[in-house]
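Trainee: I am attaching a structure below and will ask some questions about it afterwards.
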Amino acid sequence: MDDQPKTVVDGLLRGLASVGHGVVDGVSGIVLEPVRAARAGGASGFARGVGKGLAGVVVKPMAGVVSFVGKTAEGIVNTPGTLITAVRRPRRKNGSGEGQGQGQGQDDDVGNVYCVPLEESLYLYGPNHIVYVASKYLHEHVEEEGLFRLSGSKSHIEALKKRIDICGPESAPVLSLPDVPLGEAIGCHEVASVLKAYFRSLPEPLLTFERFQPFMDALKECTTDIEEKNIAFKTLVDTLPAPNKQVLHVLLQLLHAVHMKASVNRMTSLNLGVVFGPILLGDAQTWTYDNSSASSSTTRKTADAHTDPQALQSLLMALEPMKEIVSYLILGYPFIFPNFTAEAMDT
């Protein structure tokens, strides 16, 4: 339903646009059709072009009217679902804070950020979204050793996540905690952990379930040619939903900046791939990955990798290609997002 209008207003606007295009195309056809036909068939072609242009004056606006009716009807049908989605708030397990399906305990109501679909929270918060705010802060700390690998204070991380989750969209999340003793203030490792936890909490991973297998296949098929990998990965990234692509732009900009300081922070693209592979491509415990055949095969798995030896083997097999995929995305960031100035952060 991605290409369908989501509300009646959206349907009306799209329908009116179709009518407008039909009128413009029809009127312009009166001039363009005779000219085109005359070039191909001379005087007789000109006459046929006039007839075709006159017919287009009637047919094309009528097609626009038909589209108007169809788009409006689709908008009416989809409006209830859109309203339900807008007010829906998913639930997460108490105590884990790491996302759905993890941890045990009673269900808690979720705030506005964690465990909420990306499109919803991004629409609600705009430039005050935690991804933008945390990324901007972390850009100032890319030389910090072990950034994204070291965790920081667990109690501070959990408290900061709760504070972010209840922060209203009218103001940016405050990356600090009140009443914290001097010397225990929130630092870059806590903020990095909060950002990782956000991506883990998404109901669907940033690179989407649908594109997990295509990324795996691209990695396997483009074995040595870096340029070929860049093209394959860019092609896949370009198919992402707009919110996912926008946030991936911001994140890869940050990770590329961290990688460029690897001589200081010791976080190469591969090290960052170890951290972000399962986060961006999905919890590896939910997949089995078979690379024994000519075409790799990946399926959802419900068994727990902690208790099932076969699930554990699948987990380990999936982690390595996940790491490599994210590493190549980081290295290929300037190619995948060629306009990689401050554009991502200013979105």
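Read-outs: derived from the displayed coordinates by stated rules, not from any lab. Just so it is clear, the structure is predicted and the values come from calculations on it, not from any experiment.
Trainee: Which pairs in the list 261/323; 154/245; 136/220; 196/245 are over 27 Å apart, alpha-carbon to alpha-carbon?
Mentor: 154/245; 136/220
Trainee: Could you go through the stretch 241-247 in sequence order and give the Karplus-derived ³J(HN,Hα) for each residue, using 6.51 cos²θ - 1.76 cosθ + 1.60 with θ = phi - 60°, rounded to whole Hz, and x for Gly and Pro?
Mentor: x, 3, x, 5, 5, 4, 6
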